[in-house]
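Just so it is clear, none of the values below were taken in a lab; they were calculated from the coordinates. Bear in mind the structure is a predicted one, so any value in this text is a computation, not a measurement. Every residue, glycine as well, gets a Cβ built from its backbone with ideal geometry; the counts of neighbours run over all protein chains shown.
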Amino acid sequence: MNDLGNPSQDGSINASVSASNRTCITCAVILAAGLAAIVLLVIGLGILFGPRLLSEYYMRSGISFEEQGDADLAIRQFDRAIKLNPKSETAYFHRSLAYNYLGDFEQALSDVNQAIRLSPDYLDAYFQRGYIYLEIGDYRRSIPEFNKVIDLDPSLPGGYNNRCWAYYNIGEYERALPDCETAVELGPDDAIILDSRARVYQALGLTDKAIDDFRRIIELGQDSDLSDYAAEQLEQLESLEGTSP
């Protein structure tokens, strides 16, 4: 007998499909109800505790997206946070980071400027503004930012290193060197800092010292690009030393 003609089998198939459809509909209803509950909870928190708490929620959500590398979603959350609390310097600062990640330096500068207006001693914001200037090649304008960073926290090696890098890029090697030296004292095992000093040594003709730093960068192995560059420079410098009288 043809199994497809069996009435009991037809009935079982139809029943199974109907049950499956009902299950899918039930899941959709539960999901929609869950999402609605979350929305109501967020709105309720905003009503109960005011816009500042809701702004904090959006900001933390934005920071989470930022840490995951999703700058677009992070910006949307920071937009919401700022709309609820226009005086949140932290939200402006983090939105600046997100715009910087996307390469929108104009908007990144606008946001970090606002963060500093709201909080004139915001160390991270000055560091960020200086870093943006380095990114766009405006080295001279970055120097006052790192001056401020160093004033606010003289123990931070990054302030000295970035000011060193700015001086190096405008050809002021003698002014760069003391900053590089201080940065290395504060962060002796940081390959980026050692790279800055090695390049300044190289520019000043202090070949032996440059070689030592490039060797140390390779030993640390913290960054493949820096290690490759150090290896190239080391080969050239050692070759030059070998041909010296």
**Item:** Tally, over segment 110-129, of residues that are touching a Lys or Arg at 6+ places or on another chain (Cβ under 8 Å) and either closer than 18 Å to Ala166 by Cα or hydroxyl-bearing (Ser, Thr, Tyr) (or both)
**Value:** 1
**Message:** Which pairs turn up if I take residues in segment 211-236 that are touching a residue at least 12 places away in the same chain (Cβ under 8 Å) and look for partners that are surrounded by 15 or more Cβ atoms within 10 Å (Cβ to Cβ) and of a type in the set (Lys, Arg) with beta carbon separation below 6 Å, at least 6 apart in sequence or on another chain?
**Reply:** Asp213/Arg197
**Asked** Do we find a residue being among the polar types (S, T, N, Q), farther than 22 Å from Ser142 by Cβ and surrounded by fewer than 21 Cβ atoms within 10 Å (Cβ to Cβ) anywhere in segment 225-233?
**Response** yes
**Prompt:** If Asp195 passes every condition in (1) closer than 15 Å to Glu238 by Cα; (2) assigned to a helix (DSSP H, G or I) but one, which one does it miss?
**Reply:** (1)
**Asked** Say we look at segment 80-107 and pick out the residues that are among the small types (Gly, Ala, Ser) and part of a helix (DSSP H, G or I); which of these is nearest to Tyr131 (Cα to Cα)?
**Response** Ser96
